[in-house]
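Worksheet: one structure, shown below.
We did not get these values from a lab; they are worked out from the coordinates using the rules stated. In this text the structure is predicted, and so the values were computed from the model without any measurement. Glycine gets a Cβ as well: all are built from the backbone with ideal geometry, and neighbour counts include every protein chain shown.
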Amino acid sequence: MRNDKDNLIVTLTFNFSLKVITFSESLRTLHKYEMASQIFRSGTSIGANVREAQNAESKRDFIHKFKISAKEADELDYWLTLCRMSEHYPNPNDELLEDLQKIILIITKIISTSKKSG
């Protein structure tokens, strides 16, 4: 059984997913169901793929899972930017946006480092 207790990116993305759930639920209360679903799916998928990478079958598989996480993070950034720019949606809080940028940087670094060490 793996131990994610001291794994920074696993912990960060799990806690981030909880914040994404909260924001997407706030959108649902405003009847913004489509956007809430998009944000929920892409935002929680980041951590799901990071966690799945912990059981990768190979280094190539590990990198692939992190690349999927990076794509999901970029997609989430798109949806959150739409919320920020649209007068019809509430702005996501600064903490959510800052956490996403931190996660993107870490994921990018993990991918880069994993490719170099291979």
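Structure notes:
- Residue order, fewest to most surrounding Cβ atoms within 10 angstrom, among Lys71, Lys32, Lys102: Lys102, Lys71, Lys32
- Our estimate of slack between Ile21 and Glu57, defined as 0.36 nm per intervening residue step minus the Cα-Cα distance, is 10.0 nm.
- Taking the chain and dividing mean pair separation by its residue count, relative contact order in percent (alpha carbons under 8 Å, at least six apart): 26 percent
- Positive dipole terminus of the chain, leading residue within Leu27, Gln101, Ile9 (C-beta point charges): Ile9
- Degrees separating the helix 8-29 axis from the principal Cα axis of the chain, which is the longest one: 20 degrees
- The order of Thr11, Thr44, going from fewest to most other C-beta atoms within 10 Å of their C-beta, is Thr11, Thr44.
- Relative packing of 80-86, 13-19, 48-54, which averages over residues the other C-beta atoms within 10 Å, highest first: 48-54, 13-19, 80-86
- Helical runs assigned H by DSSP (4 residues or longer) give the chain a calculated mean residue ellipticity at 222 nm of -27500 deg cm²/dmol, each run adding -39500 (n - 2.57) before division by the residue total.
- Taking 11 Å as the cut-off, no amide N atom of the range 76-93 comes nearer than this to a point 7 Å along the Cα-to-beta-carbon line of Tyr33.
- The calculated Kirkwood hydrodynamic radius for the range 1-54 is 11.7 Å, given to one decimal from all distinct C-alpha pairs.
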